[in-house]
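Input: a single structure, listed below in structure tokens.
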Amino acid sequence: MSWPQNQPPQNPPQQPGFGPPPGAWQPGPAGSPPQPPPTSKWLLFGAVVGVLALTGVSVGIALLVDDGEGGSERAKESQGSPRTSASKSLPPASADGPMVKGWQTQTRDEHHFRYDVPATSQKWQVLDDDTALSYNDDNGKPIVVMTGAGNYREGGCSSAPNPDSIGEAGKGQLATVGTTGGGTQGTLQENARNWAGNWGYVAYGGDEHKPRMKVGQAKPWKLNGIDGWTATAEVTVTHRPSPCVPPKAVVHSIAQKLPDGTMHGWVIYADQGVPHALTDAQIEKIMKTVRPVTGED
């Protein structure tokens, strides 16, 4: 495990992607590559994922995922999962203020997202917007990256009291939120699934301890001025070396496309089945605050 460095690794690989399974999951076309700015402060998690390079295909990961296609059982939509109806939108916020009174606002201009999380009194913290959280390959290069992040109950697990483990699943935090993307590869729907599935895969086991996953099909997301797509990944953890590692997890993404053709994602990955885990309703309330950052902000 490596920690903040002055400069990010050079030439980060393409973000892994999915493709339709001919009976089983195979690496597919890459999604938007991680592209944090050179000035980011990097927190690099351990080498949890092996990268598979395929001839003629960008870097991908072979995932054990059921997406509801090819005769597989469709992933069941959990009760209370986030809805996209504009009628359920929260009251509008000021340009930089929270949509929920007393909450904290996080903004990542690079990815054109703004969102809110509960107050510090509810065990939430907002990181510096240019702090980059990354899971890496065996060479220390990032596989998935997010900036503009926030954490829930960081360091809250007594069996893994690691104050340096910011945002790493199974090390004390119960949820992490952030933004990613910036590339032009694939469709917006594919990228929504990529972000949900890839973050769930790498954060909760990676190639070393492959989690079992169900990644649902992307659905339209039209809320607070975002005209995009959302996807959900349900994760079953297969390796639990300590009570800090949850038995299950859930990942939600929101993807939007800018006029310049670049695609950007908002992601939350959250432990499930442990004390103080976020409920579907709590996750939904956070997702309802996600809004675009325009050039006028």
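What to note about this one:
- M213 - accessible surface, heavy atoms, 1.4 Å probe, Å² rounded to 10: 10
- Using the Cβ of W229 as centre and a radius below 10 Å, the other residues enclosed give a net charge of +2, where K and R count +1 and D and E count -1.
- Gained length - Q125 relative to D227, 0.36 nm times residue gap less alpha-carbon distance: 33.9 nm
- Over the range 211-297: Kirkwood hydrodynamic radius from C-alpha pairwise inverse distances, Å: 14.5
- Amide H contacts of M99: none lie under 5 Å away among residues 5 or more positions distant or on a separate chain (H built 1.01 Å from N in the peptide plane; Pro and chain starts excluded).
- Remark: the range 239-244, residue by residue, has Karplus-estimated 3J(HN,Hα) of 9, 10, x, 8, x, 5 Hz, where x stands for each Gly or Pro and the curve is 6.51 cos²θ - 1.76 cosθ + 1.60 at θ = phi - 60°.
- Of K101/K257; K222/K285; K101/K219; K222/K248; K219/K285, those spanning more than 24 Å from alpha-carbon to alpha-carbon: K101/K257; K101/K219; K222/K248
- Surrounding net charge for V117, when Lys and Arg each add one and Asp and Glu each subtract one, Cβ distance under 14 Å: +4
The values are calculated or read from the model by the stated rules, or taken from the named source; none is laboratory data. Values in this document were obtained by computation on a predicted structure and should not be read as measured data. Please note: Cβ atoms are built from the backbone with ideal geometry, for glycine as well, and neighbour counts cover all protein chains shown. For the accessible areas, the whole protein counts, side chains as well, though only heavy atoms, and no ligand, DNA or RNA atoms are used. Shrake-Rupley method; radii C 1.70, N 1.55, O 1.52, S 1.80 Å.
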